[in-house]
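Structure, as structure tokens:
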Amino acid sequence: MNNQGRTTRIGEQADAQHKTFTGARALEANEPLIFEFGRNDVTGVDIDAPGAFTARLGALAREGAPDLPGLTEPEAVRHYVRLSRMNYSIDAGLFPLGSCTMKHNPRLNEKMARLPGFADIHPLQPQSTARGALALMDQLSHWLLELTGMDAVALTPKAGAHGELCGMMAIKAAIVARGEAEQRRVVLVPDSAHGTNPATAALIGFEVRAVPAGADGLVRAEAVRAALGPDVAAIMLTNPNTCGLFEREVVAIAEAVHEAGAYFYADGANFNAIVGKTRPGDLGVDAMHINLHKTFSTPHGGGGPGAGPVVLSGRLAAFAPVPFLRKEGDGVALVEDRAATQAFGRMSAFHGQMGMYVRAFAYMLSHGADGLKQASEDAVLNANYIRASLRDLFSQPFGDKPCMHEVLFDESWLKDTGLSTLDFAKALIDEGYHPMTVYFPLVVKGAMLIEPTESESKASLDLFCMTMRDLALRIKRGQGEPFHSAPHFAPRARLDETRAARQPVLKWTARKPSVAAQ
Ligand SMILES: *Cc1c(COP(=O)(O)O)cnc(C)c1O
């Protein structure tokens, strides 16, 4: 039963004698595209034909009915509910993606974000009518600065990657202000970095120079010194890094970078491992984005709203983009006008993602300083619990030593089994788990990066570890053959990912069968 290279409908993978008439598997529907079952002549609403009116669209008026699928209201509702049930989510089960921090979003956050004073304000309404929202943004800023030990914060970036762009634009503005734009054109990036780091530097015209990590997965100050020169504008360093390790030489690296006249950009995506334990400002960081959706809960993924505020050191504070908050009288004002400032520009329309600010702030207040610190400690403890539970069966690329909030395994334990990290990850889907991050960081062969977060109970971790062990033991006993074609129970098995990427079919056409139906 090898499904490689083609897609299958639900049910097709079931035993031949257990095929269902509908193609559904119990409550799991085989849902067609809305265009496949919608009818032009059906509508879910019942409106009277319009009375007398004057058409004012002239030549732009539509001549025929739009070719949209018509459905009854229950059909429309069922379609989307069924699609939503195909989603895996943190509310459905453990989501062990490393470098992604899929943590539980407390429902209290949602309740607060829906308060009309936050949810129903309009970005263009007068500031005097949204003082509570501005005060919340000011208090959130205060705690972000307090927790990071930095001087200024730009709240507007919409995601981590957007925050990177913001921080690097502030660095560029500072270099331009120093009259060194022509000279400083290089950004150093360790080779374990998240792809967004070199992409950000390149996007704004910097040349990227890679810094190799040592055999233990850590960046050496010596290697940074060797790469530094009068042409270097900044280093972009993730700490804890994407191998789940704390960069021990970070202070020496910051000193070397500053001595060379460059800036230290920290990728703060892993800040959730160190909140309350150490402050980036004390480590010499000049700019760092905070993925509110990774560190301070808030929903994550699905392309929904995120928020990536950037904290800046005193050396960069003046260049923060507009709008920013300024104390005025007994409240705060959102400064929109760039004219009287050194702001490099603006990152987005309006003030940013209000709902995310509310959720992050609710998370901070409900945890308190001690709770935030404990969340970091528990995240690290949980990752190490998984490491300790699996280390006899799985291999660790940098030796058997404690990790931070995520544990990294490589594929050397699969040597001579004929199976790959991908096969293993696919087998995990059959067990009802979303797989861990695989093949990242790129510096580790066949990487499996697991981040349980602090949200998981010991019982949940135990079941996950027992599942991982059971799969590994099946492989060690020579029973891994079915893994080649796993998952066997998922609605879709192995997709031809190469073909999907090279020949994407993005538009449904009536005559040609859709990709899913091929
Ligand atoms: C998640 C992540 C990013 C990008 O953040 P987004 O919010 O997804 O844009 C950057 N760097 C690292 C290390 C990350 O884990």
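The values are calculated or read from the model by the stated rules, or taken from the named source; none is laboratory data. Since we're looking at a predicted model, the values are computed, not measured. So basically every Cβ, Gly included, is an ideal-geometry build from the backbone, and we count neighbours across all protein chains shown. Heavy atoms of the whole protein, side chains included, go into the accessibility calculation; ligands, DNA and RNA do not. Shrake-Rupley method; radii C 1.70, N 1.55, O 1.52, S 1.80 Å.
Tally up the residues in the stretch 267-311 that are crowded, with 22+ Cβ neighbours inside 10 Å and not in a helix (DSSP H, G or I), please. Spell out the reasoning first.
Residues of the stretch 267-311 that are crowded, with 22+ Cβ neighbours inside 10 Å, as a first pass: 267-275, 280, 285-298, 306-311.
Narrowing the set further to residues that are not in a helix (DSSP H, G or I) leaves 267, 274-275, 285-291, 296-298, 306-311.
The total comes to 19.
Using beta carbons and a limit of 8 Å, which pairs, at least six apart or on different chains, have the first residue in the stretch 40-68 and among the basic types (Lys, Arg) and the second one open to solvent by less than 80 Å² (accessible area, probe 1.4 Å)?
Note: no pairs meet the criteria.
Which pairs do you get when a residue that is under 17 Å from ASN239 (Cα atoms) and of a type in the set (S, T, N, Q), found in the stretch 373-389, comes within reach of a residue that is open to solvent by less than 20 Å² (accessible area, probe 1.4 Å) and part of a helix (DSSP H, G or I), reach meaning Cβ atoms under 8 angstrom, with the pair 6+ apart or on two chains?
Qualifying pairs under 8 Å: SER376/ASN272; SER376/ALA273.
Please state which one of PRO321, PRO309, PRO299 is within 18 Å of THR196 (Cβ to Cβ) and either touching a residue at least 24 places away in the same chain (Cβ under 8 Å) or not small (Gly, Ala, Ser) (or both).
Criteria check complete, one pass: PRO309.
Anything in the stretch 229-255 that is more than 16 Å from the ligand (Cβ to nearest atom), closer than 30 Å to PRO402 by Cβ and buried (at least 21 other Cβ atoms within 10 Å of the Cβ)? List them, or say none. Write out each step before concluding.
Looking only at the stretch 229-255, we keep the residues that are more than 16 Å from the ligand (Cβ to nearest atom), and these are 229-233, 248-249, 251-255.
Going one step further and asking which of them are closer than 30 Å to PRO402 by Cβ, we end up with 248-249, 251-255.
Across the stretch 229-255, the qualifying residues are ILE253, ALA254.
Looking at the stretch 171-192, can you tell me whether even one residue there is open to solvent by less than 50 Å² (accessible area, probe 1.4 Å), among the hydroxyl-bearing types (Ser, Thr, Tyr), within 16 Å of the ligand (Cβ to nearest atom) and in contact with a Pro (Cβ under 6 Å, 6 or more places away or on another chain)? Break it down into steps so the answer makes sense when it comes.
So the first thing to find is which residues in the stretch 171-192 are open to solvent by less than 50 Å² (accessible area, probe 1.4 Å), and the list is 171, 173-175, 180-181, 184, 186-190, 192.
After this cut, where a residue has to be among the hydroxyl-bearing types (Ser, Thr, Tyr) as well, the list is 192.
Filter once more, so that each one left must be within 16 Å of the ligand (Cβ to nearest atom): 192.
Then keep just the ones that are in contact with a Pro (Cβ under 6 Å, 6 or more places away or on another chain); that gives 192.
For the stretch 171-192, residues open to solvent by less than 50 Å² (accessible area, probe 1.4 Å), among the hydroxyl-bearing types (Ser, Thr, Tyr), within 16 Å of the ligand (Cβ to nearest atom) and in contact with a Pro (Cβ under 6 Å, 6 or more places away or on another chain): present.
Taking the stretch 83-126, which residues are in contact with a strand residue (DSSP E or B) (Cβ under 9 Å, 6 or more places away or on another chain) and surrounded by 16 or more Cβ atoms within 10 Å (Cβ to Cβ)? Outline the logic, then answer.
To start, the set of residues in the stretch 83-126 that are in contact with a strand residue (DSSP E or B) (Cβ under 9 Å, 6 or more places away or on another chain) comprises 85-86, 96-100.
If the condition is that a residue be in contact with a strand residue (DSSP E or B) (Cβ under 9 Å, 6 or more places away or on another chain) and surrounded by 16 or more Cβ atoms within 10 Å (Cβ to Cβ), then PRO96, LEU97, GLY98, SER99, CYS100 are the ones that fit.
List every residue pair whose Cβ atoms lie under 6 Å apart, where the two residues are 6 or more positions apart in sequence or sit on different chains, the first residue falls within the stretch 265-291 and is over 18 Å from MET168 (Cβ atoms), and the second residue, located anywhere, is among the charged types (D, E, K, R) and within 11 Å of the ligand (Cβ to nearest atom).
Final answer for the pair search is ASN272/LYS294.
Restricting to the stretch 145-168, name every residue that is open to solvent by 30 Å² or more (accessible area, probe 1.4 Å) and either within 15 Å of the ligand (Cβ to nearest atom) or out of contact with any Leu (no Cβ under 9 Å at 6 or more places or on another chain) (or both).
LEU145, GLU146, LYS158, ALA159, ALA161, HIS162, LEU165
Kindly indicate which of LEU422, LEU381, LEU393 is open to solvent by 10 Å² or more (accessible area, probe 1.4 Å), out of contact with any Gly (no Cβ under 7 Å at 6 or more places or on another chain) and not in a helix (DSSP H, G or I).
Numbers: LEU422 fails: not in a helix (DSSP H, G or I); LEU381 fails: not in a helix (DSSP H, G or I).
Exactly one of LEU422, LEU381, LEU393 is open to solvent by 10 Å² or more (accessible area, probe 1.4 Å), out of contact with any Gly (no Cβ under 7 Å at 6 or more places or on another chain) and not in a helix (DSSP H, G or I), namely LEU393.
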